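Here is the structure we will look at, set down as structure tokens.
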Amino acid sequence: MAGSALPAWSWASAAAARDWPSKPVTWVVPFPAGGGTDAFARPLSSQFSKISGKTLVIDNKGGAGGTLGASFAARQPSDGYHFFMGGTHHVIAPSVYPRLDYDIQKDLVPLALLATVPQVLVVNPKRVTAANMQQLLAQLKANPGKMSFASAGAGTSHHLAGELFKIQSQTDILHVPYKGAGPALQDLIAGNVDMLFDGLGSSAAHIAAGRIKCLMVSGSQRNPSLPDVPCAAEVGLPDYNVTTWYGLWAIKGTSPELQARMFEEAKRMGASEEIKAIWAKNGAEYGSMTQPQFAAFVADEVKRWAEVVKASGAKIE
């Protein structure tokens, strides 16, 4: 029996994938310029243009801990020319926002892990006199509720990293949410808040310039880009393991062929020497997961952070 012909839509999808990209591609980035997500999106945009010859537009849509941008992305056309670049914040959001108008696991399709970055604790050196973590912990315990930490917004990884730190260090720190890591960083630099739990990618340049000071890297190992900064395990917080990560999603309904094309482009971008150098400078690693592995990772992260939210009692202010 002869093989049956493929449906017309399959032929159309295959043809569209062969010609892709034939026009500019848009990535919705759910935070303002200057934050961690944007800091990794911009170099990828430049690399995409070099590889494909087409423009990759970064569309910044900040607000509500990254959920406004995710909601906007979920409503974009599923034509293979609209994608969403989110991260840790978006697997936390379902546990802290009671009425999201999108579902990160149903309305957006996980494609690729783009970067993993260690979380760092940075302080304003003019506001915080502590020279190391031991001194900071002593200062926090002597002044409960009087020192403050900024975040990229309620329910973001910055916020939950702070809440987890408070639980494990048995300290009380005032949370001050912003509309993105960029504004939070600027207010930290300006001296309006004491500290920030941030992804190293957005803080690295400011640490190097001396505008802010890094006192700790999360996890059980020091980061090669900050060899003199102790890790959490060294300062008495062995279970403080927080990693910021950034990933790429397709819009629900995007054909598998077009998803595959974008995934392959993401792999090519990550393999470039230019991206490798930028990621290394920011203490980051490019993801090596397959698309199914990233989908499973996202599902696991939703469950993991739900447990942290429950334990911390974190709420939207």
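Pairs please, first residue from segment 262-285 and without any contact (Cβ under 8 Å) to a residue 12 or more places away in the chain, second anywhere and assigned to a helix (DSSP H, G or I) and of a type in the set (S, T, N, Q), Cβ atoms under 8 Å, 6+ apart in sequence or on different chains.
Sorted first by the residue in segment 262-285, then by its partner, the list stays empty.
Taking strands (runs of 3 or more DSSP E) that do not extend beyond segment 50-134, which have at least 1 residues that are at pLDDT 95 or above, among the small types (Gly, Ala, Ser) and at negative phi?
82-87, 108-123
For ILE167, all conditions in the list (1) hydrophobic (A, V, I, L, M, F, W, C); (2) in contact (Cβ under 8 Å) with a residue 60 or more places away in the chain; (3) outside any helix (DSSP H, G or I); (4) open to solvent by 10 Å² or more (accessible area, probe 1.4 Å) hold save one; what is the number of the exception?
Result: ILE167 passes all but (3).
Go over the candidates TYR286, TYR240 one by one and state the one that is of a type outside the set (Lys, Arg) and farther than 19 Å from SER45 by Cβ.
Going through TYR286, TYR240 in turn, the sole match is TYR240.
Taking only segment 249-280 into account, find how many residues are closer than 28 Å to SER71 by Cβ, among the small types (Gly, Ala, Ser) and in a helix (DSSP H, G or I).
Within segment 249-280, residues that are closer than 28 Å to SER71 by Cβ, among the small types (Gly, Ala, Ser) and in a helix (DSSP H, G or I) number 3.
Select from segment 281-312 the residues that are open to solvent by 40 Å² or more (accessible area, probe 1.4 Å) and in a loop (DSSP other than H, G, I, E, B) and list them in ascending order.
TYR286, SER288, MET289, THR290 - these are the residues of segment 281-312 that are open to solvent by 40 Å² or more (accessible area, probe 1.4 Å) and in a loop (DSSP other than H, G, I, E, B).
I'm checking my understanding of the structure. Among residues of segment 176-211 that are modelled with pLDDT under 95 and not in a helix (DSSP H, G or I), which one is surrounded by the fewest Cβ atoms within 10 Å (Cβ to Cβ)?
LYS179
Applying the selection to segment 176-189, what residues are within 19 Å of the chain's Cα centre (by Cα) and of a type outside the set (A, V, I, L, M)?
Passing the criteria: PRO177, TYR178, LYS179, GLY180, GLY182, PRO183, GLN186.
Within segment 218-227, is there a residue that is in a strand (DSSP E or B), under 25 Å from HIS90 (Cβ atoms), of a type outside the set (Asp, Glu) and open to solvent by less than 30 Å² (accessible area, probe 1.4 Å)?
For segment 218-227, residues in a strand (DSSP E or B), under 25 Å from HIS90 (Cβ atoms), of a type outside the set (Asp, Glu) and open to solvent by less than 30 Å² (accessible area, probe 1.4 Å): absent.
Looking at GLY162, GLY155 in this structure, which one is buried (at least 24 other Cβ atoms within 10 Å of the Cβ) and part of a loop (DSSP other than H, G, I, E, B)?
GLY155
Does LYS146 fit the bill of being open to solvent by 10 Å² or more (accessible area, probe 1.4 Å) and in contact (Cβ under 8 Å) with a residue 60 or more places away in the chain?
No: the conditions fail for LYS146.
I'd like to know if segment 231-239 contains one or more residues that are open to solvent by less than 60 Å² (accessible area, probe 1.4 Å) and either within 30 Å of MET269 (Cα to Cα) or in contact with a Lys or Arg (Cβ under 7 Å, 6 or more places away or on another chain) (or both).
yes
The values are calculated or read from the model by the stated rules, or taken from the named source; none is laboratory data. Note that the coordinates shown come from a computational prediction; the quantities given were computed from them, not determined experimentally. Neighbour counts run over all protein chains shown; Cβ positions are idealised from the backbone, glycine included. Protein only, heavy atoms only, side chains kept; ligands, DNA and RNA dropped before computing areas. Shrake-Rupley method; radii C 1.70, N 1.55, O 1.52, S 1.80 Å.
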